[in-house]
Structure formats: C-alpha cells, structure tokens
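> Questions regarding the structure given below will be posed in turn.
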There are 2 protein chains.
Amino acid sequence: MSDQNQASLRKDTKRRQIVLAAFKLFTENGFYATGVDLIMRQSQVSKRTMYIYFPTKNDLIVAVLEFYRAGYENKLNAVLTRQDLSSREKILVIFDDAKNGFANGHFHGCLAVNAMGEFAGKDPAIETACRVFKTWELSIFEELTKELPVRHPQDLAFKLLVLIEGLGAIAQVMKQPCPIDLDQMVNALIDEHY
Amino acid sequence: MSDQNQASLRKDTKRRQIVLAAFKLFTENGFYATGVDLIMRQSQVSKRTMYIYFPTKNDLIVAVLEFYRAGYENKLNAVLTRQDLSSREKILVIFDDAKNGFANGHFHGCLAVNAMGEFAGKDPAIETACRVFKTWELSIFEELTKELPVRHPQDLAFKLLVLIEGLGAIAQVMKQPCPIDLDQMVNALIDEHY
DNA sequence: CCGCAAGTAAACAATTTGGTTTACTTATTT
DNA sequence: AAATAAGTAAACCAAATTGTTTACTTGCGG
C-alpha cells in the first residue's frame, strides 16, 4: 500500500467521523436546526478540519445524503443476498424490512424527503442529491419487477415506490403500527400486473 | 353585532394576515429557514402585534398547520359538493385533485410532514398538530369507504391514505409527472375490498 | 532527524435569530 | 370630545449562526 493510500485512509477516517455524526444529528434534529459546532464536537474534529473536507455546511449535507443512500444500499444487499429468494419474495422482504424500520418509534422519515422540505428551491446540489436517492430507490424496484413476468414492470415499480414512500411518511407522523397486511397488499399490486 | 365581535373581527384580520404570510413562507422556504422578521414584513404587521397573537414562533407554526388543514377541508368540500357523486367517485375526485396539485411543479410536499421533519422530538404541540392533520385526512377517507359495500373499510381508508401520501412525497422530490394511471390503481384498491 | 501533511484549539468576524420594550399613532365608541 | 383598545416603528438584547484565521502540535516517511 502506497503512502498516498495510507494518507487518504487517514483522511477518510476523519471524513467518515464527520459524516457519521452529521448524519445522526441531521436525522434526529433536522438540517437547519443542527449547527456545525455541534457536529464538530460530536465528531471529535476541529472546525478547521471540518471546513477542509466540507467548505460549506451544504456540501456536508450533500455528502450525508449520499452516505444515507449507500447505507441503505448495503443494508438491502445484506438482506436480499442472504437467501435464495425469488424476485417477488425479494420485493416482499424489502417491505417487511421497511415495516420493521418504520415501527421502531425512533423513525424520522426519509432523510431525502426531509432535506427536500428544508432546501427545495434553495440549493440545487441538495435537490439533486435528494432526487438521486429516489431515482436509485425506483431503480431497485425496476430491477426486480423486470425479472417478473408482468406487464408494464416500470409502472409496477413506481407503484411500489409510492407505497413504501407513503408508509414511511405516515409512520413518521403517526408513530402508530401500520394496521394493514402489507404482504397481501404488495402481492395484490403485483398480481394485478400479470 | 356587539363591540366585542367587531373588535375580534379586526383582531382576526391581523391574525389572518400573519398566518397567511407565514403559511406561504413556511411552505416555500421551510420553518427554521423562515425568520419572524420576514413574516412580519410580509404580513404588514409590527413585531409587537405578532407577539401579542403568537408569543412564540412555534405557536405561530401550530396555527399555520391548523390553517393548512382548514384550507384543505374547504377545498375538499368545494370539490366534493359540486356535483352529486357516488362515494367511489368522490374518492376518485380526491385523487384527481391531488394529482393536479402535485403536478404544478411548485408543490412543496405536505406541510405536516415537513414540519414533522423539522420538529419531531422537539415541540410536542407541533407534533400533535401534525398528527391531527393526518388523523383528519384518514377520517375523510374512512367516511367515504364506510359508505361503500366493502369489507374492512378502515383498512381500505388507510391504504388510500398511504397512496396519496406516497404520491405527494415522490412529487415533492422528483418533480416529474406521475407516470401511472391513478384511477385504475384506486379502483383496483377499492375492488379488492369487495 | 528533519520536513511536511494533517490536525487541533480558540479567538474572531459578521450576520441573523427569536424575543422585549418603549414611545408614539390611530380608530372607534360612548 | 375623551377614553380606550389596537397597532406601529424602531431601538435593543443575548444568544447562536456560518465561516475565517492564527498559532500551535502531532505523527509519519524519506
């Protein structure tokens, strides 16, 4: 391993500390409400260092949104590759996993949606990061529905995205367990496209 | 009309000005990002007056959320009582109306969801106002599904709420026209409960 | 062992925030 | 015409905001 790699490893460590602390604080307390001073204290990093990696707070927010997406991707990969599942089963597993995430009471909604609520029309880079997140989410469903013998798999994927999004938003506000049978609803949605 | 009524009419005018300006600014720029000074300038009201009606900014936010709900209620009443519609048609009209609202490109998402994103775990009164909004939304669907000869009308109402919520969240982030046939999807959702 | 990149701590600047207070001006009603 | 409720304009406050800068320390590689 070359010096440069070691150096960038050190850099990445600090960067990671910052992004991780910021991610936690942003999800729990919101973006505007979280000051950079607190982030720097929680991440054990000096302000100078912070502003070397992230010249502005919004740069950090963009990085956090990408971190959020990557984390979700890893989680999905872990869940989906665990067993040998059919495409339909994979879709059901995604919803089952989401339902669990929504139910724990400390769920704070989709970070990309929250960011959009605070920065829509104000910071194009953040808006883009939010859109990238949702586009990626949609592509996950599209990959799966296209493996299914259904008509209009893209439409089906969009419906699934709508469903998971709606469940998340309601969970965020209501903090009540979801009263409906998700498996049944998802299966019905899929069956309709056969 | 007594003095007191006239007086409270004047009061209500100022109050309304404040709430209306705040509503606009909050929806367009977010809650934390909108300062009270701007609100007071836009509403043509002195700061003193503002703080007589709303001792804290959060009090104003709660009032704005209720204003938002009442406005939605009026809009729905106007749309639903215009013609003699069946319950199923009324549900379809709600989604049609929502789709139009989401499509105009200046849609900023559900204000209650956005507020939850910024104030969850911080201000109980605001949290309650958000939950009241969603509970009311659900009750609208429940009223309609209960007039339908379906099994489990409450579950159906919840599914419809999930659907409209998901469409809103996606519209807020993606700013693309909804690619799916909503009438078909809603009808399928209802038919499944027959 | 020296030099350099990476990092720290803390002071500093400029602005903005929510909120208070004071002195003054309208209107309306009786 | 006088009393009163409602409102205004603006100064003021303490705290917090993002962002900059300075002087100092650490640790690793050639």
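> Would you mind listing the helices (runs of 4 or more DSSP H) fully within region A:97-194 where at least 2 residues are closer than 26 Å to A:Phe31 by Cβ and modelled with pLDDT of 95 or more?
Filter on region A:97-194 gives A:111-119, A:124-146, A:153-174.
> Follow-up. With the structure loaded, tell me whether A:Leu161 is closer than 17 Å to A:Glu143 by Cβ, at the interface with chain B (Cβ under 7 Å from one of its Cβ atoms) and not hydroxyl-bearing (Ser, Thr, Tyr) or whether it fails that test.
Considered against the rule, which asks whether it is closer than 17 Å to A:Glu143 by Cβ, at the interface with chain B (Cβ under 7 Å from one of its Cβ atoms) and not hydroxyl-bearing (Ser, Thr, Tyr), A:Leu161 comes out as yes.
> Which residues, counting only those in region B:111-158, are within 11 Å of another protein chain (Cβ to nearest Cβ), more than 30 Å from A:Thr34 (Cα to Cα) and basic (Lys, Arg)?
none
> Also, quick follow-up: Pairs, please: C-beta under 9 Å, at least 6 apart or cross-chain, first residue facing another protein chain (nearest Cβ under 7 Å) and without any contact (Cβ under 8 Å) to a residue 24 or more places away in the chain and in region B:164-175, second outside any loop (DSSP other than H, G, I, E, B) and polar (S, T, N, Q)?
B:Met174/A:Thr135
The values are calculated or read from the model by the stated rules, or taken from the named source; none is laboratory data. Please read these numbers as outputs of a predicted model, since none were measured by experiment. Note that we place each Cβ from the backbone using ideal geometry, even for glycine, and neighbour counts take in every protein chain shown.
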